[in-house]
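The values are calculated or read from the model by the stated rules, or taken from the named source; none is laboratory data. Not measured: the values here are computed from a predicted model. Neighbour counts are summed over all protein chains in view; Cβ atoms, including those assigned to glycine, are modelled from backbone coordinates with ideal geometry.
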Amino acid sequence: MWETTIDGRTLHFHLAGINNQNFIMRDEETGSWWQQVTGEAILGPLKGRRLTRVPQDEISFALWKREQPMGRVLRPDPRAAAAGRYAPVDWEAGIAKLPIATRVRDRRLDLRELVVGVTVNGRAKAYRMTDVQQQNPIIDTVGGVPLVIVVAEDGKSVRAFSRRVDGKAVDLFATAPATGLVDSATGSGWDFSGRAIHGPLAGRQLDRIEVLRDYWFDWRSYHPDTAIYSAGLVRQRS
Amino acid sequence: MNRRLLWFLLVIVAALALAVVIVPAWVIQPFRPQSPGGLEISFVLKRIAPFVTIAALLAGVALVVTLWRGARWGRVFLVILLLPPAFSAWFARQNHFEWMFNPLANAGYTRADAATFVGDGDLVMAVARNGEAVAYPVRQLAYHHLVQDTVGRVPIVVTY
């Protein structure tokens with residue numbers, strides 16, 4: 001998601017093509033081509049410029065509704081819906097069967113493996129979705145920032161937070177039953193929005209770190225120097 | 001002027017007009033890797049295609065008019081050779097990606113508690129700005145690919 005105002009001018013975008021399975025959009029105002037995943041103009045008058053990122057949060061509808069009961073939801077377009085254009089509920093299984101066109105040859109992971117990608121201070125790291133789900137939460141340090149990656153109760157919504165509280169890194173563990181987190185320093189309980197809900201730190205909020213759910217080949221294509229989290233290696237530096 | 005030369009020119013004009021629109025469409029097709037050079041050529045061709053194809057069509061018409069007298073059965077081929085520039089001039093003004101993935105012209109929204117069209121387990125892209133929260137169901141985004149909106153007075157494009 002991107003802010004569309006650049007130099008005081010609001011751009012309007014159209015789908016314009018595809019670059020190694022990541023789409024290109026063209027703005028009406030200058031005709032420049034923009035890469036969807038990076039928000040960077042790759043060709044045209046605005047080449048080299050970047051749109052301002054809007055933090056991405058890809059979560060289940062139930063969770064979103066609980067956090068934002070007053071929010072609004074994009075309605076299906078009646079024509080597209082009638083024509084059966086929208087993806088079925090199990091659409092990700094269908095995508096997994098599509099061919100992959102990519103120049104990425106890095107087979108450390110399966111090309112179609114679902115990963116959770118994090119970029120901190122220019123350091124990129126990919127976590128296999130299955131590791132994220134099994135080890136929930138994952139405690140790690142990327143680009144010098146101690147972070148935690150958490151999966152919500154629905155098993156699919158993923159968020160990451162900085163583990164710094166008052167300048168010091170805290171360790172976070174799953175509670176039993178796994179409905180939230182507890183920190184090792186004070187025993188305070190934390191929820192999926194990164195807020196301490198009880199204990200000495202109640203009311204405190206951890207800083208969000210953006211995560212991107214992506215396929216390995218796509219993540220690797222736009223983060224060529226990415227590290228990969230090795231399950232089981234606790235506190236691996238990157 | 002040499003009629004043979006004019007016929008030859010007509011064939012060249014038809015081939016060029018076609019190439020200007022076919023090459024970018026070929027290079028940026030899905031399920032095929034793209035190179036930076038290929039993208040650059042496509043970008044340039046797409047930019048000049050609206051003008052080049054019209055010029056080709058006009059040149060084609062002029063050549064056909066010149067060759068019309070004296071071409072008896074050849075008139076069929078003259079008409080056929082006008083089809084590529086005509087097609088190209090039209091295609092250069094189309095966005096065939098929007099044929100496949102219709103843009104969302106008038107995006108409509110529903111209150112969270114009234115949104116019966118999204119399953120609880122469906123993923124949404126969520127954004128919250130200046131007190132306003134919006135969810136974009138991924139199953140809809142996966143088709144439209146981009147949705148433009150203004151959230152908390154900030155114009156944004158949601159991409160998937």
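Restrict the check to the stretch B:81-94 and report whether at least one residue is surrounded by fewer than 15 Cβ atoms within 10 Å (Cβ to Cβ), outside any loop (DSSP other than H, G, I, E, B) and assigned by TED's automatic domain parsing to the domain that holds B:V27. Yes, the conditions are met somewhere in the stretch B:81-94. Quick check on the stretch B:120-141. Is at least one of its residues touching a strand residue (DSSP E or B) at 6+ places or on another chain (Cβ under 8 Å), part of a loop (DSSP other than H, G, I, E, B), under 13 Å from A:A62 (Cα atoms) and of a type in the set (D, E, K, R)? Scanning the stretch B:120-141 turns up at least one residue that is touching a strand residue (DSSP E or B) at 6+ places or on another chain (Cβ under 8 Å), part of a loop (DSSP other than H, G, I, E, B), under 13 Å from A:A62 (Cα atoms) and of a type in the set (D, E, K, R). Just to verify a result, which residue in the stretch B:100-157, among those that are among the acidic types (D, E) and more than 7 Å from chain A (Cβ to nearest Cβ), is surrounded by the most Cβ atoms within 10 Å (Cβ to Cβ)? For the stretch B:100-157, the residue satisfying everything is B:D149. Just name the residue that is nearest to A:Q35 (Cα to Cα) out of those in the stretch B:1-59 that are touching a helix residue (DSSP H, G or I) at 6+ places or on another chain (Cβ under 7 Å) and of a type in the set (K, R). Among them, the one singled out is B:K46.
Yes or no, residue by residue, for (1) within 14 Å of chain A (Cβ to nearest Cβ); (2) surrounded by 14 or more Cβ atoms within 10 Å (Cβ to Cβ); (3) in contact with an Asp or Glu (Cβ under 8 Å, 6 or more places away or on another chain); (4) at positive phi:
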{"residue": "B:P24", "(1), (2), (3), (4)": "yes, yes, no, no"}
{"residue": "B:Q29", "(1), (2), (3), (4)": "yes, no, no, no"}
{"residue": "B:Q34", "(1), (2), (3), (4)": "yes, yes, no, no"}
{"residue": "B:I54", "(1), (2), (3), (4)": "no, yes, no, no"}
{"residue": "B:L57", "(1), (2), (3), (4)": "no, yes, no, no"}
{"residue": "B:G60", "(1), (2), (3), (4)": "no, yes, no, no"}
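Out of the residues in the stretch A:199-234 that are in contact (Cβ under 8 Å) with a residue 60 or more places away in the chain and in a loop (DSSP other than H, G, I, E, B), state the one that is surrounded by the fewest Cβ atoms within 10 Å (Cβ to Cβ). For the stretch A:199-234, the residue satisfying everything is A:D225.
Of all residues in the stretch A:16-34, those that are outside any loop (DSSP other than H, G, I, E, B) and out of contact with any Pro (no Cβ under 7 Å at 6 or more places or on another chain) total 11.
Among the candidates A:S193, A:S157, A:S162, the residue that is touching a helix residue (DSSP H, G or I) at 6+ places or on another chain (Cβ under 6 Å), under 30 Å from B:Y160 (Cβ atoms) and at pLDDT 90 or above is uniquely A:S157. Residues in the stretch A:1-37 that are at the interface with chain B (Cβ under 7 Å from one of its Cβ atoms), farther than 21 Å from B:P24 by Cβ and of a type outside the set (F, W, Y): A:M1, A:E3, A:T4, A:T5, A:T10, A:H12.
Evaluate the following for A:V145: is it touching a strand residue (DSSP E or B) at 6+ places or on another chain (Cβ under 7 Å) and either assigned by TED's automatic domain parsing to the domain that holds A:H223 or under 29 Å from B:A107 (Cβ atoms) (or both)? Yes; evaluated as a whole, the condition is true for this residue. For A:D106, the criteria (1) assigned by TED's automatic domain parsing to the domain that holds A:I209; (2) surrounded by fewer than 17 Cβ atoms within 10 Å (Cβ to Cβ) hold in every case but one, which is (1).
Among the listed residues A:G71, A:G44, A:G48, A:G17, which satisfies the condition of being buried (at least 19 other Cβ atoms within 10 Å of the Cβ) and closer than 30 Å to B:E40 by Cα?
On the way: A:G71 fails: closer than 30 Å to B:E40 by Cα; A:G44 fails: buried (at least 19 other Cβ atoms within 10 Å of the Cβ); A:G48 fails: buried (at least 19 other Cβ atoms within 10 Å of the Cβ).
It is A:G17.
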